[in-house]
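Asks: Structure below; questions to follow.
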Amino acid sequence: MKKLPIGIQTFENLIEEGYAYVDKTRFVADIAAQNKYYFLSRPRRFGKSLFLSTLKSAFEGKRALFHGLYLYDNWDWEETHPVVHISFGAGVMRSVDELKSTFSYILDDHEEIHEITSSYTDLKNRFMDLIKQLHSKTGQKVIVLVDEYDKPILDSIHKSDLAMEIREELKNYYSVLKESDPYLRLVFITGVSKFSKVSLFSGLNNLKDITLDARYSALCGYTQHELETIFADYLESVDLDEVRTWYNGYNWLGEKVYNPFDILLYLDRKQFSNYWFESATPTFLLKLLQARKYPVPELNRLRVGESLLGSFDVDRIEVENLLFQTGYLTLAGVETLGGMRRYILCYPNQEVRQSLADYILSYFTTTPVVQQNNAFSLYEALESNDFGRLHELFHAFFASIPYDWYQKQQAAKYEAYYASIVYCYFAATGMDVRPEVHTNRGRIDLVVRFKSRVYLIEFKVLEQCGPGKALEQIKAKGYHEQFKGRETYLIGVEFNSQERNITQFVWERERGFKQ
């Protein structure tokens, strides 16, 4: 049984130390044969660094490492190339000076390894000189691999002025790639986000973006087949359907994949948990959601245009774009409308849906213990079908939110704000909760499926419509009719924005169900 490659990002170490490897080397052959300049965006901890390391070993001619893999018999091992491998993934860069120091260290390391002395002191010219001297010394064109190209910017994305300064410094480094074209064999750039070419890669017009190319959808991550074959020894007594629900679902217009970080930790511990989500805190994202007053239930099944999903910049960040590029949303499909393309976004799996909802709740409340107790109580209330307890809990949800938080939220006057809080509580428990469910006569605010029961919930703000309208709307529009034959409950919830809580909670059982 081969070891699980948890945290292993170097291809050479992975092979030599006997770790399991999912063969992605056919992508190496394809990339080397097709183009010269590549860009790939994938969420954090998705295997980008390992793929760049695999490229490095291939171009350095280390054939023995590829024994039994696709590339072993499908590569010209006689032709080797010097490799410049740049990674900005380590540490946090809090200033332009720290970025300069990091890049200087990277150049020092390459100069020492290849016994090169540069007469230049500025970083841009040292980088150019390194490429030229490697080409001259070996007689072969150079491979440039850039990992986490955007991390220095993302480290300061919440400080726009600093982020723009760092962006301009990076742009200076990356401009070398265009100027070095005669000396380069391949350039492969990876990161989490996709900044516009103009802002970082000005002039590099032939940079091929394979982020949304279906042929490369599974370049990073594990497909279902790869999971069941490469890790077969670890799957005894494992419920594959439950594993798929929890961790599969990432999609870039091709085959769905698992995040390797998630699946490897699950196979090691055999316990479902939010491994990937816990590895980073989406604080900036939550601040953006708050600032834009974004209705949380609408995050699932979003529809966005191609240009919106394409790229962003420090001074032009869209919520939908950031959610997609960071991995909190993924592609559910694509629609063509005339000559336009529209992408459908959704949560990739239960881990992200449940964990993001739970984290948003922790941002709303000041007492994590109260939040967790509310979530457990919610599950127990539905399990016993106790509507009195459910009413108490809905009231407790809003009572736990600090007054000063309400003061900052103009959105507190609207139904979407209250619906967001309730939605997050249901989603955080892992229940099947669906917002804005369409019927032939309108949209139901929230549909919750729990075991054999269905709960239809409508929200109203008292000042906007008067009392009794929430339940009345469900009945008048016949929202329950599509659930005939199932045990269905209609719940009307009404809020008072002055009191900042529920003023009415009424429910009825739909009479068409017979036990």
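The values are calculated or read from the model by the stated rules, or taken from the named source; none is laboratory data. Predicted model, so just to flag it, every value in this text is computed and none were measured. Counting neighbours? That spans all protein chains shown, and the Cβs are built from the backbone with ideal geometry, glycine included. In case anyone asks, the SASA skips ligands and DNA or RNA and just uses the protein heavy atoms, side chains included. Shrake-Rupley method; radii C 1.70, N 1.55, O 1.52, S 1.80 Å.
Asks: Sort through SER136, SER119, SER160 and tell me the only one that's small (Gly, Ala, Ser), surrounded by fewer than 15 Cβ atoms within 10 Å (Cβ to Cβ), more than 23 Å from SER49 (Cα to Cα) and in contact (Cβ under 8 Å) with a residue 24 or more places away in the chain. Walk me through how you get there before you give the answer.
Replies: Working: SER136 fails: in contact (Cβ under 8 Å) with a residue 24 or more places away in the chain; SER119 fails: in contact (Cβ under 8 Å) with a residue 24 or more places away in the chain.
Exactly one residue qualifies, and that residue is SER160.
Asks: Just to be sure, is LEU154 touching a helix residue (DSSP H, G or I) at 6+ places or on another chain (Cβ under 9 Å) and at pLDDT 95 or above?
Replies: So LEU154 does not fit the description; no.
Asks: Only one of these conditions is not met by THR80: (1) under 30 Å from SER217 (Cα atoms); (2) open to solvent by 20 Å² or more (accessible area, probe 1.4 Å); (3) of a type in the set (Ser, Thr, Tyr); (4) assigned to a helix (DSSP H, G or I). Which number is it?
Replies: (4)
Asks: From the list PHE312, PHE324, exactly one residue is modelled with pLDDT under 85 and among the hydrophobic types (A, V, I, L, M, F, W, C). Which is it?
Replies: On the way: PHE324 fails: modelled with pLDDT under 85.
Answer to the check: PHE312.
Asks: Only one of these conditions is not met by ALA64: (1) without any contact (Cβ under 8 Å) to a residue 40 or more places away in the chain; (2) part of a loop (DSSP other than H, G, I, E, B). Which number is it?
Replies: (2)
Asks: Exactly one condition in (1) more than 27 Å from LEU329 (Cα to Cα); (2) open to solvent by 10 Å² or more (accessible area, probe 1.4 Å); (3) assigned to a helix (DSSP H, G or I); (4) among the hydrophobic types (A, V, I, L, M, F, W, C) is false for LEU99; which is it?
Replies: (2)
Asks: What are the residues in segment 225-279 that are small (Gly, Ala, Ser) and not in a helix (DSSP H, G or I), if any? Give the derivation first.
Replies: As a first pass, look at segment 225-279 and keep what is small (Gly, Ala, Ser): 232, 237, 249, 254, 273, 279.
SER237, GLY249, GLY254, SER273, SER279, listed by residue number.
Asks: Considering only residues of segment 102-116 that are outside any helix (DSSP H, G or I) and not hydrophobic (A, V, I, L, M, F, W, C), which is surrounded by the fewest Cβ atoms within 10 Å (Cβ to Cβ)? Walk me through it before giving the result.
Replies: First pass over segment 102-116, keeping only residues outside any helix (DSSP H, G or I): 114-116.
With the extra rule that they be not hydrophobic (A, V, I, L, M, F, W, C), the set shrinks to 114-115.
Numbers: HIS114: 15, GLU115: 8.
If we take residues in segment 102-116 being outside any helix (DSSP H, G or I) and not hydrophobic (A, V, I, L, M, F, W, C), then GLU115 is surrounded by the fewest Cβ atoms within 10 Å (Cβ to Cβ).
Asks: One residue is enough: does segment 365-382 have a residue meeting the conditions crowded, with 18+ Cβ neighbours inside 10 Å, of a type outside the set (Lys, Arg) and touching a strand residue (DSSP E or B) at 6+ places or on another chain (Cβ under 8 Å)?
Replies: Looking through segment 365-382, at least one residue is crowded, with 18+ Cβ neighbours inside 10 Å, of a type outside the set (Lys, Arg) and touching a strand residue (DSSP E or B) at 6+ places or on another chain (Cβ under 8 Å).
Okay, residues lined up against (1) of a type in the set (Ser, Thr, Tyr); (2) open to solvent by 10 Å² or more (accessible area, probe 1.4 Å); (3) out of contact with any Ser or Thr (no Cβ under 7 Å at 6 or more places or on another chain):
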{"residue": "LEU186", "(1), (2), (3)": "no, no, yes"}
{"residue": "ILE189", "(1), (2), (3)": "no, no, yes"}
{"residue": "ASN205", "(1), (2), (3)": "no, yes, yes"}
{"residue": "LEU212", "(1), (2), (3)": "no, yes, yes"}
{"residue": "ARG215", "(1), (2), (3)": "no, yes, yes"}
{"residue": "GLY221", "(1), (2), (3)": "no, no, yes"}
{"residue": "TYR234", "(1), (2), (3)": "yes, yes, yes"}
{"residue": "SER237", "(1), (2), (3)": "yes, yes, yes"}
{"residue": "VAL243", "(1), (2), (3)": "no, no, yes"}
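Asks: Moving on to the next point. Among the residues of segment 245-282, how many are open to solvent by less than 50 Å² (accessible area, probe 1.4 Å) and within 19 Å of ALA428 (Cα to Cα)?
Replies: 13
Asks: While we're here: Can you name the residue in segment 457-504 that is assigned to a helix (DSSP H, G or I), closer than 14 Å to GLY442 by Cβ and not hydrophobic (A, V, I, L, M, F, W, C) and, of all such residues, is least open to solvent (accessible area, probe 1.4 Å)?
Replies: TYR479
Asks: Select from segment 129-151 the residues that are under 28 Å from LEU162 (Cβ atoms) and assigned to a helix (DSSP H, G or I) and write down the one among them that is modelled with the lowest pLDDT.
Replies: LYS151
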